[in-house]
């Protein structure tokens, strides 16, 4: 049966018809004729690939359940996420996919894990999606890593935007595709998307697109870029600012200046701040600050805002190159690679509302060393631009149609691409051993050999103590992603290539930080930081201002750790409440109700205050909906719990489309996953009286003393299973045993599971690393879901 017309469905969502290339893509996917890549140009609405996928999912076409939209610009991740949420909200509630944003830190919404059968749109940076796929998720615990890898490695469509900047990831995804195996036969596909792609079976614009009245106007609009050459001794920031001022005088309202490095952008911003309103946009900024700047400035430079514009200078790094729905009147760009320049010009006159929009490309002779971002590509691009330029001053038209003709007539030299190391089966085997601290850095598989280490995520707190962090863990909105090498240099008071000159003195408060791993905060030396770490710094350490990462700033950093779900009542966090907080801290008779009343008056919480979590010097008050009134768990009979998990695991397996034998394996694993809890010591701990075996119960903390330290009920459960796959699923259902079991005090358990590591290796070879992880994930998620339902509180 043919699905409903895509164009009509799209028009119902958006109020207008799709461009022809979008409808043609939907028709291809309906016919199972997937292209190898998409190459519609900037301004043609590439994000609509999400619409095509969602339409196909809703109408039963053979497309993967999860769409993972990967783009390596944080600003754009937010924009694509907003688009996906608006699209989801246009549907009936029961049809809406989950929409998840992954761009660093520990507080990423993990609701997509709760129901592996629910379609999901996951918008992610390279680091987040890539590290999770490789069993090394930045910001998640090793025990959770196999679940993320399993779900991303099965029933997923990876749409990789602007592949010219993420070639290593694309190479790694190709290696993953070749090693997934066929035992868990779920779909998995990669769809590269780039305006600069070349190759066979590419889906792009047709004659119908070039003749479409709106799209044709965008494609034919002129974008003449004047080439400006500067001697090496020239002040680059001064020259870029001067060009921006000239374009303003000539009538452009919103003038963008795009720089290759953060320190260049900050210098230009300093020049222009006194010449009218200006904003600085970089990728190294906390989501809290990004949202504040976006609310204030993006409406003034977004597509469709030209008729109501006021003058504005927009100084940015390459964070605005890709996908951002921005529309500038004029552009000044530091010379970069040709593909980067084309993307930057894509932010210029996006809708073709202006017959011509001016640009300037400024090239300063290299001062003796290659550019740390683009290397030799800058010189190659500059030479080619001068060969194809015409007129005086030398000018190149970066309009989409004009540039396509120039590229066809005088092709540029191929650009260097970073190369990823080959992902071998031996590498995958090691990465999948998540219970072993192997210390493998996955950054080269994501960014290539030329890249530096991956990011760390920084959080600044006024109440800087492990107890305070445990009570109020770092939240996504307060985390700033910084390259590991940049953080190390800053913490040692050494200038970063992006950050300026050394500050000239030691900063002891920078040389220590707290590493938050999702469970505890540990004090470490700053030079011990690892890729993917979330690090908590004291607010007086400096390094961040209203526009993001500012290595030379020594000013106090604002603490933005409160959320609509929690408020921290600490005198250093809320100095305006310091007197009242101090009085309650000094009052031995102060009650939780007193703290809740103060939280209510603070105006931070969205809803009624609930649970109070005290720590030395302050407390955290959570929103009422975030906590349960019950002091312990409800008693749940063991047989009832295991039967419910068995039924749920089998349903998830069948709903995923797994083979009958795998459905049966998960059914049996669910039925026996907690058999080890029959142990009388466990029963004593959960408050059982011997008349009925319990899976969970109110118990008390003191009753843990009845169990030896390190005892694991899943090991005690696994010994009862004879089938290797079922035994493995039972033994790993809390994330341990990949491939080493926890050090248990019961030698008898170790003896009966002595060949566990070898058996895990055999299963991984049989089902594939991602297939085995997926099967584990289904059992674990079934257990989580059933447990949550059993403990639900109204």
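No value in this document is a laboratory result; all are computed from the given coordinates. Values in this document were obtained by computation on a predicted structure and should not be read as measured data. Methodologically, a virtual Cβ is constructed for each residue, glycine included, from the backbone with ideal geometry; neighbour enumeration extends over all protein chains shown.
Working from the alpha-carbon coordinates of region 316-390, get Rg over Rh, Rh being the Kirkwood radius.
0.99
Could you tell me how many cubic angstrom of Cα convex hull volume region 566-626 has per residue?
Cα convex hull per residue, to the nearest whole number: 68 Å³.
Tell me the angle of helix 167-179 to the major Cα principal axis of the chain, expressed in degrees between 0 and 90 and rounded to the nearest ten.
40 degrees
Can you tell me, using C-alpha contacts under 8 Å and at least 6 residues apart, the relative contact order of the chain as a whole percent?
13 percent
Given region 704-794 reduced to its alpha-carbon atoms as identical point scatterers, what log10 I(q)/I(0) does the Debye formula return at q = 0.11 Å⁻¹?
Treating every Cα as an identical point scatterer, log10 I(q)/I(0) equals -0.35.
Helix-only estimate, please: 222 nm mean residue ellipticity of the chain, summing -39500 (n - 2.57) across DSSP H runs of length 4 or more and dividing by its residues, to the nearest 500.
Mean residue ellipticity at 222 nm (helix-derived): -11000 deg cm²/dmol.
Output the relative contact order of region 344-470, whole-number percent, from Cα pairs under 8 angstrom with separation of 6+ residues.
16 percent
Please state the Cα pair-distance histogram of region 289-339 with 5 angstrom bins from zero: what percent is in each bin?
Whole-percent P(r) values from 0 Å outward: 4, 16, 29, 27, 14, 8, 2.
Determine the relative contact order of region 636-790: mean sequence separation of Cα pairs under 8 Å and six or more apart, normalised by residue count, in whole percent.
26 percent
Note down the nm distance, to one decimal, between modelled labels 7 Å out along Cα→Cβ at residue 525 and at residue 177.
Modelled inter-label distance: 4.6 nm.
Return 409, 528 ranked ascending by Cβ neighbour count within 10 Å, so the fewest neighbours appear first.
Least crowded to most crowded, the residues run 409, 528.
Can you sort 47, 591, 732 from fewest to most other Cβ atoms within 10 Å of each residue's own Cβ?
With the sparsest Cβ surroundings first, the list reads 591, 47, 732.
Test of understanding: what is the full-extension gain from residue 762 to residue 58, defined as 0.36 nm times their sequence separation minus their Cα-Cα distance?
Full extension from residue 762 to residue 58 adds 249.6 nm.
Determine, for 76, 257, 636, the number of other Cβ atoms within 10 Å of each Cβ, and report the residues in order from fewest to most.
Lowest count first: 636, 76, 257.
Per residue and in Å³, how big is the convex hull formed by the alpha-carbon atoms of region 215-409?
Value for region 215-409: 118 Å³ per residue.
Report, to the nearest 10°, how far helix 236-249 tilts away from the longest principal axis of the Cα atoms in the chain, using its own Cα long axis and a range of 0 to 90°.
70 degrees
Rounding to the nearest 10 and keeping the result within 0 to 90°, find how far the Cα-based axis of helix 287-301 lies from the longest principal axis of the chain.
30 degrees
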